[in-house]
Amino acid sequence: MRSADEALALILARVVARPPERVPLAEALGRALAEELIADLDLPPFDNAAMDGYAVRAADTAGARASQPATLRVLEDVSAGRVAGQTVTPGTAVRIMTGAPLPAGADAVIRFEETETAPGEVRVRKEVASGYNVRPRGEDVRAGQRILSAGTDLGPAEMGVLASLGRAQVPVVQRPRVAIITTGDELVGVDEPLRPGQIRDSNSYTLLGQVQRCGGVVQSLRRAVDTRAALRQAFADTAEADVILTSGGVSVGDYDLVKEVVEELGEIVFWRVAIKPGKPLLFGQLDQRLVFGLPGNPVSSMVTFEVFVRPALRRMSGFRAWRRQTVTARLRQDHRSSPQRLEYVRAWTKFVEGEWQASLTGAQGSGRLSSMLGANSYLLIPPEVGQARAGETYPALLLDQPEIE
Ligand code: AMP
Ligand code: MG
């Protein structure tokens with residue numbers, strides 16, 4: 001059976017990034033930048049005051065101190081957004097506000113707190129060097145500088161840089177379109193009553209949330225009963241998708257028909273991975289669409305999405321960074337593990353007393369969706385470990401990190 005790493009490599013080899021599109025800056029949050037961003041102007045665009053005070057010639061402050069201030073004649077006031085009309089010559093100053101352009105001739109700004117004012121003049125109580133309280137042109141970003149690379153995940157700071165550079169439209173990578181098909185004769189919708197033997201289709205909602213959290217667009221969501229005809233019809237309705245996620249029907253049960261139908265309509269790249277939970281994972285391709293046949297057990301579906309689908313969606317979305325962080329965590333309780341398969345154990349991992357510590361979130365059956373509640377990580381127990389003991393350390397894959405109370 002394939003290892004998780006081998007399976008992921010087979011998946012990523014088939015991933016093609018979506019083409020670019022241009023979106024208004026206000027809609028660019030969380031998207032991948034499609035091309036590198038080269039600054040085409042200096043930021044700030046002009047030398048300006050870092051403080052409210054007086055723009056002066058530093059040379060005029062030589063020897064100034066509280067007991068012997070330097071007295072300068074005030075030529076005018078300049079506020080942010082305006083430009084001084086006069087040049088600061090020896091013995092003069094301009095009253096200036098933060099962000100206003102430094103007047104010609106001035107090379108320093110003295111804060112109000114270091115001056116005394118008198119009608120028409122200012123007394124400077126401090127000697128300063130050239131450049132004091134001045135933000136020089138280009139100190140933040142230089143024209144010609146490569147400021148963001150292609151594949152950057154655009155966050156608030158990146159949006160601010162794009163705004164500063166006047167980029168009203170931003171080239172980003174299109175989001176992957178995902179079709180979700182849940183399978184199972186026993187499944188009913190969230191708003192339907194339960195008859196004997198039925199359960200509600202929860203995977204539709206966990207998958208919907210997982211796809212949206214990693215930047216995909218859920219294009220369609222449908223349920224199919226366990227017949228070949230129903231599955232064929234469900235696949236036929238996904239022509240516009242980039243990725244098809246099925247849930248259930250990939251194991252070895254009598255009604256597990258997904259594998260058969262994918263084989264009939266397209267290609268199977270692999271079936272089964274040496275992990276727990278999630279062993280029956282299927283991966284294939286129908287024309288250009290990647291197909292992930294996720295196991296139906298609610299935890300298996302979530303784990304296989306996280307480990308195999310999410311990286312594919314992030315790469316398709318154009319992100320350079322797509323790996324979760326892994327930390328080494330100390331297990332706080334014993335856990336009996338299944339030999340021969342890498343196990344993903346649901347845990348709450350936090351940094352306490354100088355180290356990461358992991359507590360299991362409850363019994364670990366693959367049908368126990370409640371074990372995902374409160375889990376912020378998967379503890380990775382290698383195949384050869386039979387019994388994981390409190391105090392041992394294991395890698396912990398950190399998921400989207402919730403806030404703490
Ligand atoms: P399967 O992979 O189809 O054999 O399903 C394995 C287990 O997961 C069975 O107990 C199913 O009832 C359950 N299951 C399958 N699909 C879903 C779903 N969409 N929502 C909740 N449970 C499901
Ligand atoms: Mg089933």
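The values are calculated or read from the model by the stated rules, or taken from the named source; none is laboratory data. None of the values given here were measured: they were computed from a predicted structure. Virtual Cβ from ideal backbone geometry, glycine too; neighbours counted across all protein chains shown. Note: accessible area is taken over every heavy atom of the protein model, side chains too, but ligands, DNA and RNA are not part of it. Shrake-Rupley method; radii C 1.70, N 1.55, O 1.52, S 1.80 Å.
Which is farthest toward the positive dipole end of segment 7-115 among A84, A100, P20, measuring Cα position about the Cα centre, with Cβ charges +1 (Lys, Arg) and -1 (Asp, Glu)? Farthest along the dipole direction, towards plus: P20. Expressed per residue, the C-alpha convex hull volume of segment 235-368 stands at 132 Å³. The convex hull drawn around the Cα atoms of segment 1-82, when projected onto a plane and averaged over every direction, covers 13.4 nm².
Solvent exposure of the chain, expressed per residue, is 48 Å² of accessible area, with all protein chains present and a 1.4 angstrom probe.
Structure remark: mean-square fluctuation, Gaussian network model of the chain, C-alpha springs under 10 Å; the largest value among F292, F351, F308 belongs to F351. How much of the DSSP bridge set in segment 264-378 is antiparallel, in percent, rounded to the nearest 5? For segment 264-378, the DSSP antiparallel bridge percentage is about 75.
Rolling a 1.4 angstrom probe over segment 163-302 with all protein chains present gives an accessible area of which 47% lies on carbon and sulfur atoms.
Treat every Asp and Glu Cβ in segment 162-282 as -1 and every Lys and Arg Cβ as +1, leave all other atoms uncharged, and give the resulting dipole magnitude about the Cα centre to the nearest 20 debye. Please list the in-between numbers first.
Working: 14 positive and 15 negative charges, 120 e Å.
It works out to roughly 580 debye.
Given a 10 angstrom Cα cut-off, can you work out which residue in G367, G296, G249 is the most mobile in a GNM of the chain? Taking springs between Cα atoms under 10 Å, the residue moving most is G367.
Counted over segment 1-113, the DSSP beta bridges are approximately 70% antiparallel.
Here the Gaussian network model covers the chain, with springs between Cα atoms less than 10 Å apart; of Q68, Q288, Q333, Q68 fluctuates the most. At q = 0.14, 0.23, 0.24, 0.28 Å⁻¹, what is the log10 ratio I(q)/I(0) for segment 333-405, with the Debye formula run over Cα points and no solvent? Listed by q, the Debye log ratios stand at -0.42, -1.10, -1.18, -1.48.
Max-minus-min Cα coordinates of segment 134-246 on each principal axis give 76, 27, 18 Å, with the largest extent listed first. What you get for segment 70-203, charging only the Cβ of Lys and Arg (+1) and of Asp and Glu (-1), is a dipole of about 540 debye around the Cα centre. Within straight-line reach of K126, meaning a Cα separation under 14 Å, sit the following aspartates and glutamates at least 8 residues removed in sequence or on another chain: D60, E113, E114, E116.
Run the helix sum for the chain: -39,500 (n - 2.57) per DSSP H stretch of 4+ residues, divided by residue count, reported at 222 nm to the nearest 500 deg cm²/dmol.
-4000 deg cm²/dmol
Assuming charge only on the beta carbon of Lys and Arg (+1) and of Asp and Glu (-1), the dipole of the chain about its Cα centre is about 420 debye to the nearest 20. Each eigenvalue of the Cα gyration tensor of the chain, multiplied by 5 and square-rooted, gives one semi-axis; in descending order these are 62, 26, 17 Å.
Each residue, Q86 and R200, gets one label point 7 Å from its Cα in the Cβ direction; the gap between the two is 7.6 nm. A straight Cα-to-Cα reach below 27 Å connects K276 with the lysines K259, K350, residues fewer than 8 places away in its own chain not being considered.
Projecting the Cα atoms of M1, F305, V327 onto the dipole axis of the chain, where Lys and Arg carry +1 and Asp and Glu carry -1 at the beta carbon, places M1 farthest toward the positive end.
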